[in-house]
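One structure below.
Bear in mind these aren't lab numbers, they're just calculated from the coordinates by the rules spelled out. Just so it is clear, the structure is predicted and the values come from calculations on it, not from any experiment. Cβ atoms come from the backbone with ideal geometry, glycine included; neighbour counts cover every protein chain shown.
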Amino acid sequence: MNQNYMFNVSVEAFAKLTGRSVSSFKRDFAKTFQTTPKNWLREKRLDEAMYRIRQKQERPADFYLDLGFENLSHFYYAFKQKFGSYISYLRSSCFRGKKRQRQSVFNKNVWKKLWLSNGR
């Protein structure tokens, strides 16, 4: 799973590749990772997206298909659900300044502080 999470493969296909039924795959997966396969895949993909945005300074339109998202609007929706803000705000607030110093934005409280400090 760690090697193939970026591919747009359904949970049913992962179950078939492991030689299990879908229900047994989900049950075994939940025992190991304490979450559902669908949620785990989404979290891993969004973490990779945050890495690409913050560290590599890539645009989501350049990589959303590589991470297994079917369309850009779904990617933006999932990103906002997890991190609590839009990517445009992340890019404008975190890469401000001459040296483009990065700030930690993995916490929703940090988002609120950034939002309030900008006079909004």
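Which entries of Lys38/Lys82; Lys16/Lys80; Lys31/Lys82; Lys26/Lys80; Lys38/Lys80 have Cα-Cα distances beyond 21 Å here?
With Cα atoms farther than 21 Å apart: Lys16/Lys80; Lys31/Lys82; Lys26/Lys80.
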Next item on the list: Restrict the search to the range 8-89; then list the chymotrypsin sites (Phe, Trp or Tyr not before Pro) that DSSP places in a loop and that have at most 16 other Cβ atoms within 10 Å of their Cβ.
Entry: Tyr86
Margin query: Please list, in order along the range 19-34, the HN-Hα scalar couplings obtained from phi with the Karplus expression 6.51 cos²θ - 1.76 cosθ + 1.60 (θ = phi - 60°), rounded to whole Hz, x for Gly and Pro.
Written below: x, 10, 6, 4, 5, 5, 5, 4, 5, 5, 5, 5, 5, 7, 9, 6
Next item on the list: Please name which of Pro60, Asn2, Ser23 has its Cα lying farthest along the dipole of the range 1-71 towards the positive end, using unit charges on Cβ (Lys, Arg +1; Asp, Glu -1) and the Cα centre as origin.
Entry: Ser23
